[in-house]
Every structure is written in structure tokens, then in C-alpha cells.
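Step one of this worksheet: look at the structure below.
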Amino acid sequence: MSAAFDAAGLASVAQTLIAYFGRAITLTRNDPAAALADNTKPWLGPVSTPLTQSMKAVFASATDKDTLAKLGTTPEMLAALGAEAVALVSGTGLAWAPDPSTRVVDGSGGWEIVKVGKTQPGPTPIVYTLYLKR
């Protein structure tokens, strides 16, 4: 009894559930390919308009032990990372994958990403787990 693993189907289900239960967020980061403002003064950084992408995310706070347990983490693990919350975003349809240089903006303010976890049992990323702090 062998069945092929359907990573694309699982990613589709994850995207549907996150869209239904999640809240609107925007991921923003500076364009890594942007040119420097002045090549002789690299500390000034690049001149670019930040890249943004809108999506839905499901959040769990550091005090929500039951939800964190279902995500395979604990309040103690979040504290060790310096994180205050976890957000799940779908791995489907992203313009770029989130990383620690990405900022999460939602209705309650902005978050820094401390760490990113990726669930990818096949060629398709299914879910990104974002460990967040204010």
C-alpha cells in the first residue's frame, strides 16, 4: 500500500486554511539587488523602495501554550529565541521567501522576524513559521 505524497495538494490546503483563519499582514524588506546610494560611502546603504507583499497569517502568542504545542514549540523555546509570537504564512504564491531581514506589519503594529522555519517535505514549501518580536 503505497501512495504518492501530494505536497502541492497539502500546500493548497494550508493556503486555504491560513486565508480563512488568518489576518491580513504585509511583509516588507529592502530590495537586496538595489544599488548603493554612493559607492564610496557604502554605510549609507542602498537607494530603493521597499519590496512588499500582502497575505494572511495565523498568529499564536507566547502565552498560548495549547496552540504553540500544536506548532511543535513552547513558550520556553520562544523565550530562548527572544520571540513573543509565532505566525504561520502559506508557502504558496510568495514573491520572495521571508527571512530575518523581512518585517511583518499587521493591524496591531510591526514585528521583526527572529527566525524562520520552513515546512517543505517535497519541492513545494507548504508553510513558513515566523518567530516574531516587537
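Bear in mind these aren't lab numbers, they're just calculated from the coordinates by the rules spelled out. These numbers were taken from a predicted model, which means no experiment stands behind them. Cβ coordinates were reconstructed from backbone atoms using ideal geometry, including for glycine residues, and neighbour counts include every protein chain displayed.
Once you have the Cα-Cα distance between Ala80 and Ala37, take 0.36 nm times their residue separation minus that, and quote the gain in nm to one decimal. Please list the in-between numbers first.
Values: separation 43, 0.36 × 43 = 15.48 nm, distance 3.71 nm.
Taking Ala80 through Ala37 to full extension adds about 11.8 nm, to one decimal.
Which of the aspartates and glutamates could a cross-linker bridge to Lys115, judged by Cα under 14 Å and excluding same-chain residues fewer than eight apart?
Counting by Cα, and skipping residues close in sequence, Lys115 has these aspartates and glutamates nearby: Glu84, Asp99.
Could you grab the Rg to Rh ratio for segment 14-101? Cα atoms only, Kirkwood for Rh.
Reported Rg/Rh, Kirkwood definition of Rh: 1.10.
Within segment 79-119, what residues put their amide N at less than 14 Å from the label point 7 Å along the Cα-to-Cβ vector of Ala19?
Under cut-off, by backbone N: 90-94.
Show me the three semi-axes of the equivalent ellipsoid for segment 72-134, from the C-alpha gyration tensor (sqrt of 5 times each eigenvalue), largest first, rounded to whole Å. Could the numbers behind the result be given before it?
Working: eigenvalues 79, 46, 16 Å².
Calculated on Cα positions only, the semi-axes equal 20, 15, 9 Å.
Check the straight Cα-Cα distances from Lys118 and name the lysines below 16 Å, setting aside those fewer than 8 residues away within the same chain.
Partners within reach: Lys70.
Could you pull out the chymotrypsin sites (Phe, Trp or Tyr not before Pro) across segment 25-134 that fall in loop regions by DSSP (anything but H, G, I, E, B) with no more than 14 other Cβ atoms inside 10 Å?
Counting only loop positions with at most 14 other Cβ atoms within 10 Å, the chymotrypsin sites (Phe, Trp or Tyr not before Pro) in segment 25-134 are Trp96.
Working out 0.36 nm times the residue gap between Asp64 and Arg134, then minus their Cα-Cα distance, what length gain in nm do you get to one decimal?
Working it through step by step, the gained length comes to 23.5 nm.
Estimate the FRET efficiency between Ser12 and Ser54 by the formula 1/(1 + (r/R0)^6), using the beta-carbon distance for r and 22 Å for R0, to the nearest 0.05.
Numbers: r = 19 Å, r/R0 = 0.87.
Once the sixth-power term is evaluated, E becomes 0.70.
Given a 10 angstrom Cα cut-off, can you work out which residue in Lys118, Lys65, Lys56 is the most mobile in a GNM of the chain?
Looking only at Lys118, Lys65, Lys56, the biggest GNM fluctuation is shown by Lys65.
Calculate how steeply helix 7-21 sits against the longest principal axis of the alpha-carbon atoms of the chain, using the helix alpha-carbon long axis, and give the answer as 0 to 90 degrees to the nearest 10.
The angle comes out near 80 degrees.
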